[in-house]
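Asker: One structure follows; several queries about it will come next.
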Amino acid sequence: MNSAKILVVEDEVKLAQFIELELKYEGYEVTVANDGLSGLSAARESHPDLIILDWMLPGLSGLELCRRLRQTGDRVPVVLLTAKDEIGDRVAGLDAGADDYVVKPFSVEELLARVRAHLRRTQEEDPDIFVFSDLSLNRRTREVFRGERAIELTAKEYDLLEYLIANPRQVLTRDRILEHVWGYDFMGDSNIIEVYVRYLRLKLEANNEKRLIQTVRSVGYVLRE
Ligand code: CA
């Protein structure tokens, strides 16, 4: 999930290096450009998943860079960095097609939170990614996250959770779950569902997160907040 490619366009070299280090520490792949024109060509060549873009840049401003990307149909999420915090400037940034902005000086936690939020939003449009509350599951990579926490599941735990998250807010009877997750020919003890739900809850609620897999007494289970 974290191997997203991020392009940082920032002319303050020290700040650019700082952001680069923080992003790399989080596991992102990072490219840096120090002026507007090289930022634009880096955006077109490396197809980043997200751009952190300074507003005031030599050559081509961040705003103009953003506008040019949008003109060519590029929908990459753009987070603008700006020292300007007047409302008129914010509107100009959004008009140019930026998705968000962070006002300098900013905390790195705030910047990282925005980055995660925008990457998550693009990932939600992926049909192989299921999101329910703060739980997300990727059917291609079989990765599961609760918030930012990666959760290791066994094959059967994963299958059960995938079935639940693919059918959110629907009460799934024990028979349906058995058939779908264990197969029609399953001859074992049907208490196996209870056992696996318990395993899943332990893993999903390891940090005292709220319960998402609810028991519907004498019927089955439902994924619901
Ligand atoms: Ca600048």
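The values are calculated or read from the model by the stated rules, or taken from the named source; none is laboratory data. For clarity, every value in this text was computed on a predicted model and none was experimentally measured. All Cβ positions, glycine included, derive from the backbone under ideal geometry; neighbour counts span all protein chains shown. Surface areas here come from the heavy atoms of the whole protein model, side chains and all, with no ligands, DNA or RNA. Shrake-Rupley method; radii C 1.70, N 1.55, O 1.52, S 1.80 Å.
Asker: Kindly provide the set of residues from segment 169-225 that are over 23 Å from I151 (Cβ atoms) and aromatic (F, W, Y), ordered by number.
Answerer: Y184, F186
Asker: Okay, next question. Checking the structure you have, find out if any residue of segment 197-205 is of a type outside the set (G, A, S) and modelled with pLDDT under 95.
Answerer: Within segment 197-205 (the criterion being of a type outside the set (G, A, S) and modelled with pLDDT under 95), the answer is no, since none of the residues qualifies.
Asker: Still on this structure, please answer the following. Quick one: in segment 19-36, of everything that is open to solvent by 50 Å² or more (accessible area, probe 1.4 Å) and over 22 Å from the mean Cα position of the chain (by Cα), which residue is farthest from E143 (Cα to Cα)?
Answerer: Among them, the one singled out is D35.
Asker: Also, quick follow-up: For T72, work out the one condition from (1) over 18 Å from T122 (Cα atoms); (2) touching an Asp or Glu at 6+ places or on another chain (Cβ under 9 Å); (3) polar (S, T, N, Q) it doesn't fulfil.
Answerer: Every condition holds for T72 apart from (2).
Asker: Could you check, for segment 190-209, whether at least one of its residues is open to solvent by 50 Å² or more (accessible area, probe 1.4 Å) and at positive phi?
Answerer: The answer is yes; a qualifying residue exists.
Each row is one residue, and each column tells you yes or no for (1) outside any helix (DSSP H, G or I); (2) of a type in the set (K, R); (3) in contact with a Cys (Cβ under 9 Å, 6 or more places away or on another chain).
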position	(1), (2), (3)
D126	yes, no, no
F130	yes, no, no
S136	yes, no, no
L161	no, no, no
I165	no, no, no
V181	no, no, no
V197	no, no, no
K203	no, yes, no
K210	yes, yes, no
